[in-house]
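Where a number appears in this text, it was derived from the coordinates with a stated rule and is not lab data. What you are looking at is a predicted structure, and each value in this text was computed from that prediction instead of being measured. Cβ placement follows ideal geometry from the backbone for every residue including glycine, while neighbour counts extend to all protein chains displayed.
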Amino acid sequence: MTQKLRIAVIGVGHLGQHHARLLSAMEGVDLVGVVDTKPGRAAEIAARYGTTGFTHASQVAGLVDAVSIASPTLSHVDLALPLVEAGVPVLVEKPIASSLAEADALLAAAARRGTMVATGHTERFNPAVVAAWPLVCEPRFIEIHRLGTFPERSLDIDVIFDLMIHDLDLLLAVVRAEVVSVEAVGVHVLTPRADIANARLRFASGCIANVTASRISRDRVRKARFFQKSSYVSIDYAAQEVDVYRLVPRDGRPVIQGGRLEVVSEEPLKRELEDFVDAVRSGRRPGVTGHDGRDALALATRVADAIVANLSTTGHLPSG
């Protein structure tokens, strides 16, 4: 493909506006339009980034080579399915769908039509994660905290599908073993849905992961720690920093060596969109496939179900 890739963004709210910003400045890309049902929103973002605003996804269907979907979760599959059936590659923000049945319907359509589906799990493209990835090998214990202040968005889903799903996707990618058990608790505080949750996952490899996600915290924390034989890897997603320490034999006894790795900071969403554009152009698999998104959704659903099971057993929501 030698011409510019024609792309539209559907849903230009809090996150989608950044899709539009980055795509409008990307070499080899023509942002042909943005779509939003909120009155005036599409026109506002279109004017900001030099494109055309639309109020319905069907208006861009015949104008594009690919589409990025950053609408509310409940609309993901309704918007993506007609495009996939028309052979248009789509990048669907996480979670890929509001249910496993919807995700399966979308992926089945993509398989029938031979259409690419990518999922927007941005942390996979975080420079700190990319730098740390080769150093994480057969971890035995993983501790992850993803804490944030209360948002004015994504309140149609609970914190598991809004925040924790990032880390569940990363765990599946790095541990590469079946999750054999899930224990979880969740608390709703400011919304009818879980606003803070903790999950303890046991993998067939013997690895145990303890994952906490909150959208009601005072401070913003995005950190993961990997403990493995003879080494320790710590990732600060937000600061894009990686610390690595190893046991090294010296004079007959082990000593600890290590420190901070050099990481070149870059916006993870920019890398994700560049990956999607390149995958569409080359026909290769995207960095995070639709099936990866489905696997993360499946694990998030298991965590949510475990919270419900805990509630039914105790008769009340666990207190903080």
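Structure above, values below:
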quantity: Column: log10 I(q)/I(0), Debye, Cα scatterers of segment 5-121, q = 0.16, 0.21 Å⁻¹; calculated: -0.65, -1.11
quantity: A101 versus N310: modelled label distance in nm, points set 7 Å from Cα along the beta carbon direction; calculated: 2.7 nm
quantity: Using θ = phi - 60° and Karplus 6.51 cos²θ - 1.76 cosθ + 1.60, couplings along segment 267-281 (whole Hz; Gly, Pro as x); calculated: 5, x, 5, 4, 5, 5, 5, 5, 4, 4, 4, 5, 5, 5, 5
quantity: Net charge of Cβ neighbours under 11 Å - reference L247; Lys, Arg +1; Asp, Glu -1; calculated: +4
quantity: Backbone HN-Hα couplings from phi across segment 166-173 [Karplus 6.51/-1.76/1.60, Hz, Gly and Pro as x]; calculated: 4, 6, 5, 4, 5, 4, 4, 6
quantity: Sequence-distant residues sharing a close amide H with I10 (under 5 Å, placed H); calculated: V35, S68, I69, A70
quantity: Selection from M164, I256, H121 lying farthest towards where the dipole of the chain points positive, charges on Cβ; calculated: I256
quantity: For segment 220-284 and segment 85-122, distance of Cα centres in Å; calculated: 29 Å
quantity: Shape call, segment 102-147: gyration tensor on alpha carbons, a/c limit 1.5; calculated: prolate
quantity: Cα gyration tensor category, rounded, prolate or oblate, for segment 68-192 with a/c compared to 1.5; calculated: oblate
quantity: Distant-in-sequence amide H partners of F141 (H built 1.01 Å from N, under 5 Å); calculated: I208, F227
quantity: ³J(HN,Hα) computed for each position of segment 23-30 - Karplus, 6.51 cos²θ - 1.76 cosθ + 1.60, integer Hz, glycine/proline x; calculated: 5, 5, 9, 7, 5, x, 10, 10
quantity: Rounded if a/c under 1.5, otherwise prolate or oblate - the chain, Cα gyration tensor axes; calculated: prolate
